[in-house]
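Undergrad: Can you read through this structure? Questions will come right after.
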Amino acid sequence: MIHPTLTAVTESLRTRSQATRAAFLHHTQAQADVGKSRASLSCGNMAHAVAASCQQDKHHLLDMTTANLAIISAYNDMLSAHAPYVDYPMKIKTALAPFGHSAQVAGCVPAMCDGVTQGQPGMEMSLFSRDLIAQATAVSLSHNVYDGTLLLGVCDKIVPGQLMGALAYAHLPTLFIPSGPMATGTSNDQKVAVRQAYAAGKVGKDALLEMECQAYHSPGTCTFYGTANTNQLVLEAMGLMLPGAAFVPPDSALRQALTCHAATTLTSHTAGSAGYRPLSDVVTEKSIINGVVALLASGGSTNHTIHLVAMARAAGVLLTWQDIDALSHVVPLLACVYPNGPADINAFEAAGGVPTLLCHLHESGLLHSDTTPAVGLFSDQLTRPRLEDGELIWEPAQPSTDPDVIAAPTTHFSSTSGLRMLSGNLGNAVIKVSAVDPSHRVICAPARVFDCQHEVERAYQRGELNQDVVVVVRFNGPAANGMPELHKLMPILGNVQKMGYQIALVTDGRLSGASGKVPAALHVCPEAMHGGALATIQDGDCITLDANHGTLNCHADLTVRSAVDTPPPAQTWGRDLFAAARQQVSRADEGASYLYAICSTKE
């Protein structure tokens, strides 16, 4: 039986989204009504489209009875998670050729690594790269010679951007193809220990660099449960990739088989076939809710409180933080993966992976089973793939083989999820509590106010944070500087907490999945740049963050104060090119998008 809260939230979402969803479906149907795209092109158009192809592919492309798939790749050889994509296009084309089908690399989208840009100027372009990727995906598909879309992407803003762009061509069947995580390197406990020791000046840069290179050491996704791996889990829960495909290692025979199977299977879902399955049938109110539930149950990245809202809007669905918060109170925490625990994503996969987690949720009535995955049925999402004599087969997922990583049936790590919403006179915010000890979930302390994370670092080095304190970092929202992630703060604040002080972070910036054991009120809306209450906070103001009751309040009378002057926008390292994005971007609780800034969440 479906949980009543799941039903209520979904129905509220459906009702709120009636007009925008209807408009999205109308536009999608108008594109579908054109028929096979290539048939509408002129001879000159087609000649250009096939000019670079070999004779066999030219024959297939000019034969209107076969399928031609668009490959939108986020390959570059600097991102470890995307380096494996280097030979995927050829593998896909080789797999399709015996069936008379073809594929073309329609385009390659920008793909930046947040791990490289942490604390650097480039991080101020990271969030905006998502909408840029959406536009690049749409431009790539604009040649209109394709019958289906294969999306090759893994990491932080790339996957949401690719899906947002693909939804502009939602009449096409669409499937994501992941690359898989790198092997486990240094333990997560060791990473935290060395980073905190470095922040405290107890070890040098050489020791820190050696540890980091042991942790991030080969092609594949980073193994902690941050935004990249949350992308993969949420996509699988939404039915946008093959069942059990998210966390299969990059170089394994199973990964190669899944890649080829994804391509060949998608050709059976193109327009004109009995199995036609457009993307618009897959991304619905119910599949989006399934993605939210999976996010909550796994203790996933806080970034997805932004990305899921933006992705939903691209499909005409007006998801809100209130929807996510309502579900967070009934969805239990079923996974214990770093930063929520010591295990990494490889341990999660070994314990049963996404299908085992989905089985647990399904048995608890916390998933919609009447959804339409990109391939197969909902019941297929509860199966795991393996190779038998070289053949790809799926078997029913089994209960967790490691209850310390994925909870055993009828058990959980917490009766409520790891993500919650905070509200109060400072605005609305998101907090991740799955790794926060209960003794640190209520903080009442004086504020120290900063305009950037580098100022916090300098104050820490001067010993000014060695006290009970709420660190406020403002003017780090989307409109101010692109909402960078503030990972430099975590070792610093963790050290202060370790000294026995009560400490919390309040910011209109981001922290991804790595907020860890320090309570952090993130994505505060309205942001300081838009006149939010953060712009009136002063050093010494008493702030209470109560994650148990979902409140965030300053005890000073902020109504009698004026906002401080806003810092000037940075112009170097390409940031000046995103001035228009900063001026147009919507609030974080509306998806922090410059593409969907005009959407309203009002019912």
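Each value in this text was obtained by applying a stated rule to the coordinates, not by laboratory testing. All values reported here derive from a predicted model rather than from experimental measurement. Note: ideal-geometry Cβ built from the backbone for every residue, glycine included; neighbour counts use all protein chains shown.
Undergrad: Round to the nearest 0.05 the FRET efficiency obtained for Thr184 and Thr411 when R0 = 25 Å and r is the Cβ-Cβ distance.
TA: 0.50
Undergrad: Let me ask something additional. How many angstrom separate the Cα center of segment 396-423 from the Cα center of segment 522-575?
TA: Using only Cα atoms, the two centres lie 34 Å from each other.
Undergrad: Could you tell me which of rounded, prolate or oblate describes segment 419-567, using a ≥ b ≥ c as the square roots of the eigenvalues of the alpha-carbon gyration tensor, with rounded for a/c under 1.5 and, failing that, prolate when a/b is larger than b/c and oblate otherwise? Walk me through the numbers before you get to the answer.
TA: Details: a/c = 1.31, a/b = 1.21, b/c = 1.08.
Rounded, since a/c falls under 1.5.
Undergrad: For the pair Tyr501 and Asn425, what calculated FRET efficiency results from E = 1/(1 + (r/R0)^6), where r is the Cβ-Cβ distance and R0 = 30 Å, to the nearest 0.05?
TA: Efficiency computed from Cβ-Cβ geometry: 0.75.
Undergrad: State the Cα centre-to-centre distance between segment 447-519 and segment 92-112 in whole Å.
TA: 44
Undergrad: Compare the peptides 224-230, 102-108, 553-559 by average per-residue count of other Cβ atoms within 10 angstrom and give them in order, highest first.
TA: Going by the mean number of other Cβ atoms within 10 Å, highest first, we get 224-230, 102-108, 553-559.
Undergrad: Ranked from highest to lowest mean number of other Cβ atoms within 10 Å per residue, what is the order of the peptides 136-147, 403-414?
TA: 136-147, 403-414
Undergrad: A further question on this structure: Hey, quick one: spin label on Ala32, modelled 7 Å out along Cα-Cβ, who in segment 3-24 has an amide N within reach, i.e. under 19 Å?
TA: Residues 18-24 fall inside that zone.
Undergrad: How large are Rg and Dmax for the chain when only the alpha carbon atoms are used, in Å?
TA: 23.6, 74
Undergrad: Hey, another quick one. For the pairs Lys432/Lys488; Lys58/Lys91; Lys157/Lys202; Lys432/Lys498; Lys205/Lys488, note any where the Cα-Cα span goes beyond 26 Å.
TA: Over 26 Å Cα-Cα: Lys157/Lys202.
Undergrad: What's the exposure ranking of Ser423, Ser218, going from fewest to most Cβ atoms within 10 Å?
TA: Lowest to highest Cβ neighbour count: Ser218, Ser423.
Undergrad: Largest first and in whole Å, give the semi-axes of segment 485-525's equivalent ellipsoid, each being the square root of 5 times a Cα gyration tensor eigenvalue.
TA: After diagonalising the Cα gyration tensor, the semi-axes are 18, 11, 7 Å.
Undergrad: Taking only DSSP H segments of four or more residues, each worth -39500 (n - 2.57), what value at 222 nm results for the chain once the sum is divided by all its residues, to the nearest 500 deg cm²/dmol?
TA: -10000 deg cm²/dmol
Undergrad: Which whole-percent values make up P(r) of segment 325-372 when all C-alpha to C-alpha distances are grouped in 10 Å steps starting at zero?
TA: 22, 46, 29, 2
Undergrad: Starting from the Kirkwood radius over alpha-carbon pairs of segment 1-68, derive D by Stokes-Einstein at 20 °C in a medium of 1.002 mPa s and give it in µm² s⁻¹.
TA: 136
Undergrad: Same structure, new question: How much FRET efficiency would the formula 1/(1 + (r/R0)^6) give for Gln18 and His59, where r is the Cβ-Cβ distance and R0 is 41 Å, rounded to 0.05?
TA: The calculated FRET efficiency here is 0.35.
Undergrad: For the peptides 77-84, 205-212, 438-445, what is the packing order when you average, over each peptide's residues, the other Cβ atoms within 10 Å and list the highest mean first?
TA: Top to bottom by mean Cβ count within 10 Å: 77-84, 438-445, 205-212.
Undergrad: Also, I was wondering about something else. For the chain, what is the relative contact order in percent, using Cα pairs closer than 8 Å and at least 6 residues apart in sequence?
TA: Values: 1314 pairs, mean separation 87.7, N = 603.
For the chain, the relative contact order is 15 percent.
Undergrad: Let me ask something else about it. Neighbour counts of other C-beta atoms within 10 Å: give me Asp87, Asp57 arranged from fewest to most. Before the final figure, lay out each step's value.
TA: Numbers: Asp87 11, Asp57 19.
Ascending Cβ contact count within 10 Å gives the list Asp87, Asp57.
Undergrad: Can you give the net charge of the other residues whose Cβ lies under 13 Å from the Cβ of Gly201, counting K and R as +1 and D and E as -1?
TA: +3
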